[in-house]
Amino acid sequence: MSVLVYIESDNGALKKAALEVASYGRALANTLNTSLSAVIFSSENNELLASYGVDKVLTVDYSEKFNAKIYADIITQAAQKEQATVVVLSSSADSRYLAPMLSVGLDGGYVPNVVELPTQTQPFTVKRSVFSNKAFCATEISTAVKIIGLSNNAFGLVEHPVSSQTEPFSPNIISTEINIENVDKAANKVTIADAETVVSAGRGLKGPENWAMVEDLAEVLGAATACSKPVSDLGWRPHSEHVGQTGKPVASNLYIAIGISGAIQHLAGINSSKVKVVINTDPEAPFFKAADYGIVGDAFEVVPKLIEKLKEFKAQNG
């Protein structure tokens, strides 16, 4: 009996969401008075995982591109090996893709968007966000194996150093008819999924030629850049930057919306962000009702001044 976490990595580097999953897994293992194991498709970063409370790290020597069916089967075998009663995943696109397959393999109940530790363990009940993050629901998992999808930025990073052991894990690799031909990734950019801060813009910027100031603001803040659906549909920005209910969900600590009116689909996708700031010329824009802070003004005047002040602040404070 144990808790197993799936640790996502990117070319050997651990994602922030992976460390949050490890933090949550450690706290859950303490609650259940059991051990915490992790499965990772890499042989690196084991010391880092130990600092976040992982007792045992199962390393899988599988370097092929992500394939949900194969990954789900390997994690299933790892969970069976460790006799795990709870498996914890992140809310990344990859984890959401493989989770239903993992649920079938383990005959376990899967609950996504979990935001905190179980409110009780008998019966096993978790709190999750529902209705596009507009409400919370207490969900009971009655299966022998429980599968939890942790909502991004819901638990945070909590160090809990332990003495950890590393064990090579050699599962049976299944054959599949799904072939991954190519994966294109943006280089040298903060990804939306891992970003603490996201700077997003909409049609209020009037054209792709004006995006430099958005990128400048993002660079100063160490943020990821994003956009509204109309912007990506027009081809001003890549679809990978489209956030909202029909794009990528955002759960950043700070979300800055520039020239975005705030359609309901967009607001639903960014509702999990902790602090929302809007810059718009229209004081009646729906985004102002959802924002924590708002600036009524022309983005072409406000954003350059904001960048200037942020640079001055950083220069003065190192």
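Would you confirm whether any residue within region 108-126 is closer than 13 Å to I7 by Cα, surrounded by fewer than 20 Cβ atoms within 10 Å (Cβ to Cβ) and in contact with an Asp or Glu (Cβ under 9 Å, 6 or more places away or on another chain)? Before the answer, list the steps.
Narrowing region 108-126 to residues closer than 13 Å to I7 by Cα: none.
No - not one qualifying residue is present in region 108-126.
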Residue that is least open to solvent (accessible area, probe 1.4 Å), among those in region 207-244 that are under 17 Å from I279 (Cα atoms) and without any contact (Cβ under 8 Å) to a residue 24 or more places away in the chain:
A212
Residue selected from region 283-314 under the condition of a type in the set (G, A, S) and not in a helix (DSSP H, G or I), by the criterion most open to solvent (accessible area, probe 1.4 Å)
G294
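Yes/no per residue for (1) farther than 25 Å from S129 by Cβ; (2) open to solvent by 10 Å² or more (accessible area, probe 1.4 Å); (3) in contact (Cβ under 8 Å) with a residue 40 or more places away in the chain:
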residue: K15; (1), (2), (3): no, yes, yes
residue: G25; (1), (2), (3): no, no, yes
residue: I40; (1), (2), (3): yes, no, no
residue: K56; (1), (2), (3): yes, yes, yes
residue: I74; (1), (2), (3): yes, no, yes
residue: E82; (1), (2), (3): yes, yes, yes
residue: R96; (1), (2), (3): no, yes, yes
residue: P100; (1), (2), (3): no, yes, no
Are any residues in region 27-38 in a loop (DSSP other than H, G, I, E, B) and free of Cβ contacts under 8 Å to residues at least 24 places away in the same chain, and if so, which ones?
N33
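So which residues in region 1-13 are crowded, with 16+ Cβ neighbours inside 10 Å and in contact (Cβ under 8 Å) with a residue 60 or more places away in the chain? Steps first, please.
Filtering region 1-13 down to residues crowded, with 16+ Cβ neighbours inside 10 Å leaves 2-8.
Within region 1-13, S2, V3, L4, V5, Y6, E8 qualify.
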What are the pairs, 6+ residues apart or on separate chains, where a residue within region 260-282 that is open to solvent by 40 Å² or more (accessible area, probe 1.4 Å) has its Cβ under 6 Å from a residue that is at pLDDT 90 or above?
S261/A285; K274/N253; V275/L254; V275/D292; T281/D298
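Across region 221-234, what is the total count of residues that are of a type in the set (A, V, I, L, M) and more than 22 Å from the chain's Cα centre (by Cα)? Spell out the reasoning first.
Just the residues of region 221-234 that are of a type in the set (A, V, I, L, M), to begin with: 221, 223-224, 226, 231, 234.
Narrowing the set further to residues that are more than 22 Å from the chain's Cα centre (by Cα) leaves 231, 234.
Number of matching residues: 2.
For every residue, the table says whether it meets (1) modelled with pLDDT under 90; (2) loosely packed, with under 15 Cβ neighbours inside 10 Å.
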| residue | (1), (2) |
| --- | --- |
| N153 | yes, no |
| H160 | no, no |
| D184 | yes, yes |
| E196 | yes, no |
If I filter region 127-142 down to residues being surrounded by fewer than 17 Cβ atoms within 10 Å (Cβ to Cβ) and among the charged types (D, E, K, R), which single residue comes out as farthest from D73 (Cα to Cα)?
K134
Taking region 148-173 only, how many residues are closer than 13 Å to R128 by Cα and among the aliphatic types (A, V, I, L, M)?
3
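The values are calculated or read from the model by the stated rules, or taken from the named source; none is laboratory data. Remember, predicted model here, so these are calculated numbers, not experimental data. FYI the Cβ positions are ideal-geometry reconstructions off the backbone, even for glycines, and counts take in every protein chain you see. Keep in mind that these areas ignore ligands, DNA and RNA; they rest on the heavy atoms of the full protein, side chains included. Shrake-Rupley method; radii C 1.70, N 1.55, O 1.52, S 1.80 Å.
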